[in-house]
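**Q** Questions regarding the structure given below will be posed in turn.
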Amino acid sequence: METLGKRKRGGDACSSGGGDDAFSSGGGDRLSALPDHLLHEIMSRMKARQMVQTCALSRRWRHLWPKVPCLDIDRREFFDTDQEKFDDFIYFLLRKVSVAHLDAFRLHDAITSNASAWIRRAIMDSAQAPPPASEGPTSSGSWRIRRLHLSGLRLDGPFAEHVRSRCPSLEDLELRTCTCRFRAIASGSLESLALVRCEGLGPGFSEISSPTLKSLVVDGGSSDVASPFVVRAPALARLFLVVSPYNFPAGVSFGDEMPSLARASIHLKERETLAKRAHLRSHLFKILGSVSNVTSLELNGFNVTVKAGEESTEFPEFSNLTTLELDQCGLGHDHHVSGHILRNSPNLEKLTLTLSKSCSMVPVGEPPSYPEFKNMRALTLHNYDANEDFKTLGRFLQSSPILEKLTLQCCKFSKDTRKKKGISKMKNIDDPTNLMDVRCESLKLTKIIYKDDDVVQLVGFKV
């Protein structure tokens with residue numbers, strides 16, 4: 001590179017011996033006395049720019065950095081340089097470091113037309129170069145890489161094929177804000193896969209297949225695939241899925257049973273659009289059916305009603321479910337998705353419910369009735385309003401005979417009521433029509449977490 005050449009002519013610290021005496025003559029440089037493999041471990045925790053700069057420390061360090069097992073390139077580390085200098089640095093770096101021999105490679109925020117070409121070049125170079133003798137019987141062209149994180153790249157068919165056929169040790173793959181122009185991600189070794197805000201998932205990208213995959217994250221992005229997005233991961237244990245009409249227009253299909261699936265988190269975006277389109281609603285209910293064997297389930301944005309005829313076929317029993325978190329999902333009324341899940345979860349032990357006026361969709365003063373939660377021991381209500389949600393709390397307490405812990409998070413009083421009536425509004429709770437007979441014989445702990453400006457009203461709250 002031209003810049004590096006100028007530094008060399010001017011006395012580059014990497015090529016001069018000026019720094020050696022300061023480190024070696026005094027005998028006090030104990031860090032440099034460490035063996036290479038320990039120094040490589042230290043350098044692998046540095047960002048790429050800082051790592052390369054270690055060559056200026058002494059002759060001992062000059063040739064260490066090209067052999068690091070982990071390479072972390074972050075555009076934000078070059079905030080003081082322009083894009084051209086950043087491109088030059090990466091070009092120089094990837095000529096010195098063999099990506100095929102890395103254990104981990106991370107390329108973050110490399111929003112440049114050259115970034116994808118770097119990856120393609122690394123793939124071609126590794127296909128042509130034989131493996132080092134220390135690698136044993138590794139086949140030519142294979143990467144030993146175990147962790148690969150890429151951000152802001154355009155990835156095409158050769159990349160996906162290389163992951164499938166030439167990365168036999170890859171365990172962790174993360175693609176963030178990438179444009180993915182390939183049909184499928186397939187791997188016989190992958191354990192963790194994350195697709196975060198990857199735009200242009202298609203045309204044709206319609207399958208994730210790995211018999212070893214344990215964790216899957218699909219967060220946002222878009223797709224124009226007309227067929228269902230198929231996930232074949234029989235060993236999957238954790239699922240995080242953001243669903244919208246735009247990233248899965250034809251729905252998601254889990255091609256294999258997932259007996260190991262223990263935790264699922266599903267976030268629903270654009271629920272108004274989904275609620276109006278029957279085929280999208282059907283896809284949504286099928287996703288819920290696919291995760292019915294989980295022990296822990298988090299739903300966000302499922303303020304969707306269930307229409308006549310959908311109850312019997314779309315909602316299986318969540319017989320293993322012990323922990324449930326509902327945010328922006330309504331109050332669990334009969335015609336809500338959340339209500340059907342509550343009624344079909346006989347072994348529920350811990351429930352967290354975020355209350356919201358915008359998604360209650362039930363008449364004021366008429367909270368839903370709940371089934372008996374025979375096993376529930378912990379209940380948390382977020383955004384609990386002592387005026388609006390008092391009866392809802394009472395219904396939950398009536399339905400939870402062995403409840404041991406109650407948490408009212410962000411406990412408050414309605415602002416409108418406070419402005420109009422002040423502390424005198426407490427008489428509403430004393431009104432016989434608002435009183436409920438609730439026995440909590442097993443209750444051991446009640447936590448009320450409030451906002452500072454509600455403390456005066458809460459002091460007078462009767463429990």
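The values are calculated or read from the model by the stated rules, or taken from the named source; none is laboratory data. Please read these numbers as outputs of a predicted model, since none were measured by experiment. Cβ: placed from backbone, ideal geometry, glycine included. Neighbour counts: every protein chain shown. We work out accessible area using only protein heavy atoms, side chains counted, and drop any ligands, DNA or RNA first. Shrake-Rupley method; radii C 1.70, N 1.55, O 1.52, S 1.80 Å.
**Q** Probe radius 1.4 Å, ligands and nucleic acids left out: which of Y384, Y91 has the largest accessible area, and how do the rest follow?
**A** Output order, biggest surface exposure first: Y91, Y384.
**Q** Just by accessible area at a 1.4 angstrom probe, what is the order of L31, L241 from largest to smallest?
**A** Result, largest first: L31, L241.
**Q** Can you work out ³J(HN,Hα) from phi for every residue in region 393-399, in order, using Karplus 6.51 cos²θ - 1.76 cosθ + 1.60 and θ = phi - 60°, giving whole Hz and x for Gly and Pro?
**A** In residue order, the calculated couplings are 4, x, 5, 5, 5, 5, 8 Hz.
**Q** Kindly list the residues of region 66-90 that lie in the label zone of Q50, defined by a backbone N under 11 Å from the point 7 Å along the Cα-to-C-beta vector.
**A** 77
**Q** Accessible surface of L195 in the full protein assembly, 1.4 angstrom probe, to the nearest 10 Å²?
**A** That residue has around 0 Å² of solvent-accessible surface.
**Q** Can you list residues whose amide H is under 5 Å from G301's amide H, if they're 5+ apart or on another chain and H is modeled 1.01 Å from N?
**A** HN-HN under 5 Å from G301: L268, D327, Q328, C329.
**Q** If you don't mind, there's one more thing I want to ask. Rank these residues by their accessible area, most exposed first, probe 1.4 Å: D36, D389.
**A** Result of the area sort, largest leading: D36, D389.
**Q** Ranked highest first by average number of other Cβ atoms within 10 Å, how do 163-176, 73-86 line up?
**A** 163-176, 73-86
**Q** What residues of region 61-77 lie in the reach of a label at S32, counting those whose backbone N is under 15 Å from a point 7 Å from the Cα along Cα→Cβ?
**A** 61-65
**Q** Apply the Karplus curve 6.51 cos²θ - 1.76 cosθ + 1.60, θ = phi - 60°, to the phi angles in region 379-391 and return the couplings in whole Hz, x for Gly and Pro.
**A** Values per residue, Gly and Pro as x: 10, 10, 10, 8, 6, 6, 10, 4, 8, 7, 10, 4, 5 Hz.
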